[in-house]
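The values are calculated or read from the model by the stated rules, or taken from the named source; none is laboratory data. From a predicted model like this one, the values you see are computed outputs, not experimental measurements. Here the Cβ positions follow ideal geometry from the backbone for every residue, glycine too, while neighbour counts run over all protein chains shown.
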Amino acid sequence: MPWSAGRLRLLLALAVVGLLLPAGVSRAEADTVPPAPHGVRVTAEERVSGRLVDLTVESPALGRAAKVRLLTPDGWRERRPGDRWPVLYLLHGGFEPATYKTWTRESDVEELPQLRNVLVVMPEGGRIGFYSNWWNHGAGGPPAWETFHLDELRPLLEGGYGAGSRRAAAGLSMGGFGAVSYAARRPGMFRAAASYSGPVHLLHPRMREVWPQMEEAYGGDLDALWGDRFTQRAVWQAHDPHHLAERLRHTSVYLSTGDGTPGPLDPPDSAYDPAEAVIHELTRSLDTRLREIGAPVTRHFHTGTHHPAYGERELHHSLPMLLRALAP
């Protein structure tokens with residue numbers, strides 16, 4: 001059957017669009033953009049450097065505005081409607097001075113050539129937000145960090161900032177927990193997750209050794225986060241990657257932690273770190289569970305404390321796995 005001139009023009013236009021898509025952009029993602037929820041909007045956009053852009057996002061889930069740092073890929077400034085890049089959510093740890101600026105301040109992520117075709121999203125996660133919607137003694141409400149990151153920010157970035165549907169998440173400490181917890185709580189949303197010294201087994205008996213220190217550092221009522229670990233056990237289980245391990249059966253997971261003994265990246269005269277030793281056991285426990293169910297897990301257990309230099313090193317080590325997961 002002869003093709004009409006109109007059909008030929010359409011096919012030619014589609015071919016041209018395909019040729020123009022920049023490296024790392026998925027054609028299949030071009031028309032699958034979810035709308036951002038009502039009330040979510042960018043109120044300020046600041047170019048920090050050649051590739052860094054800071055957004056201020058008004059968030060109903062948090063009841064306030066929050067900051068998000070983007071490390072943008074090559075070609076991003078010249079993007080056109082429909083352009084999409086794979087996304088790495090890079091999550092910061094807890095307490096001071098952890099912020100959305102932490103990864104660019106304490107690592108060389110901005111200089112990594114492997115990320116030139118990836119949109120790296122570094123959102124604010126709260127001083128001790130724990131990448132969770134707070135239980136608030138059964139009342140719910142702000143801060144709802146999971147809702148902000150995955151239901152507000154994600155569609156906002158996919159709608160107007162070139163974020164595609166191929167996603168991975170990684171983080172240090174609290175952020176490592178967040179990366180694996182998000183992947184387990186939202187199966188299929190993330191192709192890979194990496195935890196660097198993250199407390200990834202909340203209900204492990206040794207977690208009780210570090211919880212009082214966290215409460216003291218927080219200076220407030222941490223029962224508002226998930227409730228009492230016994231009375232509200234179901235809430236804790238719903239956020240515990242170890243309890244949710246079956247949901248990670250088809251997700252590539254990278255787990256690393258020090259053993260608490262000062263290692264090669266620690267400052268001179270560093271002391272033994274008992275908190276990292278606890279996190280080491282929590283991480284081993286999740287690793288064992290994932291291996292029992294045949295999940296694709298990579299582990300790297302090493303000497304070292306909770307020093308952020310290990311987070312930078314482990315990001316380097318885990319990048320090949322993360323990038324393989326982000327490939328078309």
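A compact table of results
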{"quantity": "Yes/no for Asp259 being surrounded by fewer than 17 Cβ atoms within 10 Å (Cβ to Cβ) and either more than 27 Å from Glu312 (Cβ to Cβ) or more than 18 Å from the chain's Cα centre (by Cα) (or both)", "calculated": "no"}
{"quantity": "Whichever residue in segment 75-86 is of a type in the set (Lys, Arg) and in contact with a Leu (Cβ under 9 Å, 6 or more places away or on another chain) and, among such residues, is surrounded by the most Cβ atoms within 10 Å (Cβ to Cβ)", "calculated": "Arg84"}
{"quantity": "Lone qualifier among Glu152, Glu146 - being under 18 Å from Thr43 (Cα atoms), in contact with a Ser or Thr (Cβ under 8 Å, 6 or more places away or on another chain) and either small (Gly, Ala, Ser) or at pLDDT 95 or above (or both)", "calculated": "Glu152"}
{"quantity": "Gly140 vs. criteria closer than 24 Å to Met189 by Cα and free of Cβ contacts under 8 Å to residues at least 12 places away in the same chain", "calculated": "yes"}
{"quantity": "Matching option when the condition is under 24 Å from Tyr89 (Cβ atoms) and either part of a loop (DSSP other than H, G, I, E, B) or in contact with an Asp or Glu (Cβ under 8 Å, 6 or more places away or on another chain) (or both), among Arg299, Arg313, Arg247, Arg289", "calculated": "Arg299"}
{"quantity": "Residue among Arg69, Arg127 that alone is charged (D, E, K, R) and at pLDDT below 95", "calculated": "Arg127"}
{"quantity": "Scan of segment 110-133 for residues that are among the polar types (S, T, N, Q) and closer than 17 Å to Pro320 by Cβ, ordered by number", "calculated": "Gln114, Asn117"}
{"quantity": "Failed condition for Ala295, given (1) surrounded by 15 or more Cβ atoms within 10 Å (Cβ to Cβ); (2) within 28 Å of Ala325 (Cα to Cα); (3) touching a residue at least 60 places away in the same chain (Cβ under 8 Å)", "calculated": "(3)"}
{"quantity": "So Asp266, is it charged (D, E, K, R), free of Cβ contacts under 8 Å to residues at least 40 places away in the same chain, surrounded by 17 or more Cβ atoms within 10 Å (Cβ to Cβ) and closer than 28 Å to Gln114 by Cβ", "calculated": "no"}
{"quantity": "Exclusive hit being farther than 26 Å from Pro296 by Cα, of a type outside the set (Phe, Trp, Tyr), modelled with pLDDT of 95 or more and in contact with a helix residue (DSSP H, G or I) (Cβ under 9 Å, 6 or more places away or on another chain), set Gln232, Gln213", "calculated": "Gln232"}
{"quantity": "All positions within segment 36-45 that are out of contact with any Leu (no Cβ under 8 Å at 6 or more places or on another chain) and over 11 Å from Leu153 (Cα atoms)", "calculated": "His38, Gly39, Thr43"}
{"quantity": "Filter result for the condition that a residue is touching a strand residue (DSSP E or B) at 6+ places or on another chain (Cβ under 7 Å) and surrounded by fewer than 24 Cβ atoms within 10 Å (Cβ to Cβ), over Ser195, Ser252", "calculated": "Ser252"}
{"quantity": "Leading residue by the ranking (surrounded by the fewest Cβ atoms within 10 Å (Cβ to Cβ)) among those in segment 87-120 that are more than 14 Å from Asp54 (Cα to Cα) and aromatic (Phe, Trp, Tyr)", "calculated": "Phe95"}
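For every residue, the table says whether it meets (1) within 24 Å of His317 (Cβ to Cβ); (2) of a type in the set (Phe, Trp, Tyr); (3) at pLDDT 95 or above.
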position	(1), (2), (3)
Ala192	yes, no, yes
Arg208	no, no, no
Gly227	no, no, yes
His242	yes, no, yes
Tyr254	yes, yes, yes
Gly263	yes, no, yes
